[in-house]
1. Quick one: count up the residues across the stretch 40-63 that are open to solvent by 30 Å² or more (accessible area, probe 1.4 Å), touching a residue at least 24 places away in the same chain (Cβ under 8 Å) and of a type outside the set (D, E, K, R).
2. Among residues belonging to the stretch 64-110 that are part of a helix (DSSP H, G or I) and of a type in the set (Lys, Arg), point out the one that is least open to solvent (accessible area, probe 1.4 Å).
3. Looking at the stretch 19-36, is at least one residue more than 21 Å from residue 120 (Cβ to Cβ), open to solvent by 50 Å² or more (accessible area, probe 1.4 Å) and touching a helix residue (DSSP H, G or I) at 6+ places or on another chain (Cβ under 7 Å)?
4. Can you tell me which residue is nearest to residue 61 (Cα to Cα) among those in the stretch 111-122 that are of a type in the set (A, V, I, L, M, F, W, C) and open to solvent by less than 100 Å² (accessible area, probe 1.4 Å)?
5. I'm checking my understanding of the structure. Among residues of the stretch 1-18 that are part of a loop (DSSP other than H, G, I, E, B) and among the aliphatic types (A, V, I, L, M), which one is most open to solvent (accessible area, probe 1.4 Å)?
Amino acid sequence: MLITVDFNSDEAIYMQLRNQIILGIATSVIREGDSLPSVRQLADTVGINMHTVNKAYSVLKQEGFIRLDRRHGAVIALEEDKMEALEEMEAQLAIVLAKARCKKISREEVHELVDEIFDKYE
């Protein structure tokens with residue numbers, strides 16, 4: 001999996017890493033049980049500080065996408081707590097949909113966009 005960072009983005013680098021790993025899981029580029037590069041390897045490859053990679057891995061662990069193991073490093077290990085995931089998604093969607101409403105984006109446009117994005121992960 002190729003991970004790239006946009007140093008000109010307003011989004012924090014650790015969040016860019018997190019999001020790319022989640023997208024990799026969703027698109028089956030990386031799968032349950034796969035190991036991620038070590039903190040040092042990824043930091044060297046991307047050209048960033050090891051603490052940034054460590055923060056991304058910590059967030060992914062906290063969110064239930066990976067487990068950290070001394071011998072195997074960061075491993076994709078999905079915790080399946082559907083209710084918790086739905087509650088988190090509801091909170092995030094509330095803001096996204098409020099922004100859409102402010103920009104006069106219709107319900108139909110939102111549904112079309114959601115379907116288009118969701119289809120990418122099937």
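The values are calculated or read from the model by the stated rules, or taken from the named source; none is laboratory data. Keep in mind the model is a prediction, meaning the values are calculated, not measured. Note that each Cβ is placed from the backbone with ideal geometry, even for glycine, and that neighbours are counted across all protein chains shown. Heavy atoms of the whole protein, side chains included, go into the accessibility calculation; ligands, DNA and RNA do not. Shrake-Rupley method; radii C 1.70, N 1.55, O 1.52, S 1.80 Å.
1. Number of matching residues: 3.
2. As a first pass, look at the stretch 64-110 and keep what is part of a helix (DSSP H, G or I): 82-102, 107-110.
With the extra rule that they be of a type in the set (Lys, Arg), the set shrinks to 82, 99, 101, 107.
Details: 82: 154, 99: 135, 101: 185, 107: 173 Å².
Applying the filter and picking the extreme gives 99.
3. Within the stretch 19-36, not a single residue is more than 21 Å from residue 120 (Cβ to Cβ), open to solvent by 50 Å² or more (accessible area, probe 1.4 Å) and touching a helix residue (DSSP H, G or I) at 6+ places or on another chain (Cβ under 7 Å).
4. The first filter runs over the stretch 111-122 and keeps only residues of a type in the set (A, V, I, L, M, F, W, C), leaving 113-114, 117-118.
Pick out the ones that are also open to solvent by less than 100 Å² (accessible area, probe 1.4 Å) and you get 113-114, 117.
Numbers: 113: 29, 114: 26, 117: 25 Å.
For the stretch 111-122, the residue satisfying everything is 117.
5. Pass one, the stretch 1-18, residues part of a loop (DSSP other than H, G, I, E, B): 1-12.
Then keep just the ones that are among the aliphatic types (A, V, I, L, M); that gives 1-3, 5, 12.
On the way: 1: 103, 2: 144, 3: 22, 5: 27, 12: 42 Å².
My answer is 2.
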